[in-house]
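Some notes on the structure that comes next.
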Amino acid sequence: MSAQQPHAIYLEDYQPPAWRVERTALRFELEEEQALVRAQLSISINPEAGSRQALELLGDDEIELQRLSIDGEVLCASDYARADGRLVIPNVPDSFTLECVTRLLPQQNTALEGLYKSDGMFCTQCEAEGFRRITFFPDRPDVMSVFTTTLVADKTRYPVLLSNGNPVASGDADGGRHWVTWEDPWPKPSYLFALVAGDLALVEDHYTTASGREVALRIYAERKDLDKLDHAMVSLKNAMRWDEQVYGREYDLDIYMIVAVDFFNMGAMENKGLNIFNTSCVLAHPQTTTDAAFQRVEAVVAHEYFHNWSGNRVTCRDWFQLSLKEGFTVFRDAEFSADMNSRTVKRIEDVTLLRTAQFAEDAGPMAHPVRPESYIEISNFYTLTVYEKGAEVVRMLHTLLGPELFRKGSDLYFERHDGQAVTTDDFVRAMEDVSGRDLSQFRRWYSQAGTPRLNVSDQYDAETGCYELHVSQSCPPSPGQEHKLPYHLPLAMGLLADDGTELCSRVLELTEEEQVFRFEGIPSRPVPSLLRGFSAPVKLDYAYTDQQLLMLLRHDTDGFNRWDAGQRLSVRLLQQQTEAWCRGEPMQCEQALVDAWRGLLRDENLDPAMVAQLLRLPSEAQLSELADEIDVIAIHEAREFMRTALARALESEWLAVYQRCDAASGTYSPDAASIGLRSLKNLALEYLIATGREPWLELARQQFEQSDNMTDQQAALSLVVHSGFREVGAELLEAFYLQWQHESLVMNQWLAIQASDSAPGALERVVSLSRHPMFDMRNPNKLRALIGGFCGQNLVQFHAEDGSGYTWLADWILKLDRQNPQVAARLLTPLTRWKRYEPVRRALMRDQLQRMMDTAELSADVYEVVSKSLV
Ligand code: ARG
Ligand code: ZN
């Protein structure tokens, strides 16, 4: 809580640190009521700073400062000033040792930032600004220090004591306590510090690096979860190998540790040598974990591992540069997942997320550039823009330079900046230096917010065989940025003849507001396949006919664009039905679409994973993003209509596909081919259930009861619960609960499935679930399952016309803000989009934002989101 109005921090105000901390020695006395922290910092003046300044350390107002000394001399209260999260000591020598003892209450830390307890174990989360909740420190990423950490705790309760680096000494202490000292040889910023103390079980393995170094791999979890760590271990080893092969990067310590904790604000954290993971991103077992979660574990384990180079060895100068490590690392993990699984499917999933959620962020009140210019609370900027759009920006560099030059650029970047805290500009400069290209215009991707729009039209001259593409680009205004300059971007494309033969394929480079590209020797009017592989994060308009889209859906050589052609067609047809519904006219399902889908369903040579993507209708959230003014009910009705129509028109095909996939799946394995079979099978089951016919309910019930894996069981459960078969739905929910009540992560799914059930009475159901013993408001995963599930996945009910969903969410935010501001601010997102809705809902949503604004003592996190949303 901040007593005064929270204030903004600006990129343009950046100053290098006045002081350096060469060494940091920490000693933690962990107890049941408190933790005592003694920090010894070797501090000296930074020769690179402009002028000499008083020593200023950051430290949360809530921590108790017990003792402060300089070179052994204890300071008294008049020697320093403490206010607004700062400790200022005016008179210090040029070089000295500062010792500081603080007392913390980790047991009462519900914000899950700094040192806190998750179930019975102590753990930390320091990124971005959590270290200042532990001790006083120049808690900023450009101050890098060598850390030595000693942990002292009760030996029976906390037999495992971990921190960064390598263990160098240990022993017993009085009163049944013991201690371990860890040394991390690599200088690091405070945000990468971590400790864990608990009664943990582990799986152990080892890895030999390309240069022959042995690394011990240890993954820790609560004993009950010991059987769920194998997949993470395999993923880790694959990631280590991949980073050597693709980026030439080796691991640099003797031990690599991952710890699973159940209370965690985000997905996972790349602390040097000691990653801390949300259980949801590391635990995996066929019986309790879905395919999607298996793949997420693989991706997040790799992501955090890749940070060891893109994040830890080379880190960020300041938090405005967050995308330097996150955008690059997301690009790296996406390429890794693409190599491990199906490349096209991975691309489709990532683009779907970008188009649904990042585009919506770009169009909302919190829109910001990949490198933001200012923030009030940095936690609010761990966003889809910084992560996913940031990764797209790196991908464009990869496309523009080509794989070889890109690799050279990345080698140069790592070599040039190893051990430094740098900027996104430094990253681009390395790419410029290896390629000899001028990327100054490209840098606008880092500084301008908003989703650019490409408008494409064409002209064909049959006599000369000349074909022209006219491309114009623009970008809508975003907060603080009225006018945008044109972007430099790669437009990958091809030209197809009517019969589907490819006539040419190229990467065009756009730099101007308007450009014409000419193609000679084209025998007949071609169909353009544009923005192949989604080569730039833009919205592209071209007046395709339905026939052209159907042709691309059948013949495009670019798998991504085949899918995209199908999506464009579905979106168009769904938008027509939405309009029909609004006018009170009957809705229709286009016969050409039914025929195309029938062709796809009958073709046994196609990759099942790909067919599953092709036959999935765009989500309500995505249709909302595309709407001029969102009419939640119309979108829902139109989509339900189409889904039912396609279900009934192709009923026998769905059944055949279901049976074919079912017969082809053997015992469970989370490999790409088996995942593809299950995703198509469960999509077929979705359509069968959507017919509303009883036999398919029985089929789903059977699958629920007999499957040997969570993917199939959960698919059956959620399909039945979300169908009109209410009684059976309730029955299966009860059975599922009895079967899995001891598995916290499975129960989160159980909460989420109910929260996203759009049948009438939804609010009453979530209210009653919020009182269920399986819910725990202190656990972010449970909040995301129930509150996030209702407000983000149950659009018709959250947007109930009486505003009850909005009030419910605002009530929760106000309650959660006192407990965990980071999570509160994140759950608030759906309300921030109020301007996109029709007048009645718009006003109701705004009222709730205003009500929050009028509340005294909002956290900086929630204050920033609410105040910016009301502008
Ligand atoms: N650096 C972490 C990752 O990319 C995210 C941690 C951010 N946590 C936070 N509380 N802001 O995986
Ligand atoms: Zn990351």
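Throughout, read-outs are computed from the coordinates displayed, never taken from laboratory work. What you see is a predicted model, and the numbers here were worked out from it, not measured in a lab. Every residue, glycine as well, gets a Cβ built from its backbone with ideal geometry; the counts of neighbours run over all protein chains shown.
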Query - Spin-label pair residue 156/residue 648, simplified geometry with 7 Å Cα→Cβ offset, distance in nm - result: 6.8 nm
Requested in this report: Taking the chain as the reference, fit the longest principal axis to its C-alpha atoms, fit the long axis of helix 424-435 to the helix C-alpha atoms, and give the angle between the two in degrees, 0 to 90, nearest 10.
Outcome: 70 degrees
Query raised in the report: If each residue's Cβ is checked for other Cβ atoms within 10 Å, how do 661, 589 rank with the fewest at the top?
Result: 589, 661
Query raised in the report: Can you give the angle from 0 to 90° between the axis of helix 230-247 and the longest principal axis of the chain, with both taken from C-alpha atoms, to the nearest 10?
Result: 90 degrees
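Could you check how many percent of all C-alpha pairs in the stretch 77-210 are farther apart than 27 Å? Intermediate results must be reported in sequence, preceding the final value.
On the way: 2546 of 8911 pairs.
Every Cα pair in the stretch 77-210 considered, those over 27 Å come to 29 percent.
Of 399, 451, how do they rank once you tally other Cβ atoms within 10 Å and put the fewest first? Walk me through the numbers before you get to the answer.
On the way: 399 19, 451 22.
Least crowded to most crowded, the residues run 399, 451.
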Query raised in the report: Nearest 0.05, what FRET efficiency do residue 619 and residue 420 give at R0 = 30 Å with Cβ-Cβ as r?
Result: 0.10
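Using the count of nearby Cβ atoms within 10 Å as a rough guide to exposure, how do 539, 228, 155 rank from fewest to most? Can you show the working numbers first?
Working: 539 17, 228 24, 155 14.
Ordered by Cβ neighbours within 10 Å, fewest first: 155, 539, 228.
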Query - Label point 7 Å beyond Cα of residue 466 along Cβ direction - residues of the stretch 520-549 with amide nitrogen under 18 Å - result: 520-526
Requested in this report: Assign unit charges at the C-beta atoms only (+1 for Lys and Arg, -1 for Asp and Glu), then state the dipole size of the chain relative to its Cα centre in Debye, rounded to the nearest 20.
Outcome: 300 debye
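At a Förster radius of 51 Å, what calculated FRET efficiency corresponds to the Cβ-Cβ distance of residue 758 and residue 501, to the nearest 0.05? Intermediate results must be reported in sequence, preceding the final value.
Working: r = 45 Å, r/R0 = 0.88.
Efficiency, rounded to the nearest 0.05: 0.70.
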Report summary line: Here, residue 44 and residue 693, labelled 7 Å along Cα→Cβ, have an inter-label distance in nm of 8.1 nm
Report task. Extending each Cα 7 Å along its Cβ direction at residue 811 and residue 86, get the distance between those two points in nm, one decimal. Result -> 4.2 nm
Query raised in the report: Residue by residue through the stretch 690-699, which ³J(HN,Hα) values in whole Hz follow from phi under the Karplus form 6.51 cos²θ - 1.76 cosθ + 1.60 (θ = phi - 60°), with glycine and proline marked x?
Result: 5, 5, x, 9, 3, x, 6, 4, 5, 4
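If the only charges are +1 at each Lys and Arg Cβ and -1 at each Asp and Glu Cβ, what is the size of the charge dipole of the stretch 313-523 around the Cα centre, to the nearest 20 debye? Intermediate results must be reported in sequence, preceding the final value.
Numbers: 22 positive and 35 negative charges, 146 e Å.
Charge dipole, the stretch 313-523, about its Cα centre: 700 debye, nearest 20.
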Requested in this report: May I ask which residue of 417, 273, 511 lies farthest towards the positive end of the charge dipole of the chain, with charges of +1 (Lys, Arg) and -1 (Asp, Glu) on Cβ and the Cα centre as origin?
Outcome: 273
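Holding the Cα-Cα limit at 26 Å, pick out from 782/815; 228/815; 325/408; 155/815; 484/868 the pairs that are longer than that.
Numbers: 782/815 15 Å; 228/815 34 Å; 325/408 18 Å; 155/815 37 Å; 484/868 21 Å.
Pairs exceeding the cut-off: 228/815; 155/815.
Just to be sure I follow: if Rg is taken over the C-alpha atoms of the chain and Rh is the Kirkwood radius over the same atoms, what is Rg/Rh? List each step's numbers first, then the result.
Working: Rg = 27.8 Å, Rh = 28.9 Å.
Computed over Cα atoms, the ratio is 0.96.
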Query raised in the report: In whole percent, what relative contact order does the chain give with Cα contacts below 8 Å and a gap of six or more residues?
Result: 9 percent
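For the stretch 313-523, what mean projected area does the convex hull of the alpha carbons give, in nm²? All intermediate terms of the calculation are to be shown ahead of the outcome.
Working: hull surface 53.8 nm².
That works out to 13.5 nm².
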**Report entry** Calculated SAXS-style log₁₀ I(q)/I(0) at q = 0.28 Å⁻¹ - the stretch 262-326, Debye, Cα scatterers
**Finding:** -1.19
Requested in this report: With +1 on each Lys and Arg Cβ and -1 on each Asp and Glu Cβ, and nothing else charged, work out how big the dipole of the stretch 746-871 is about its Cα centre, in Debye to the nearest 20.
Outcome: 260 debye
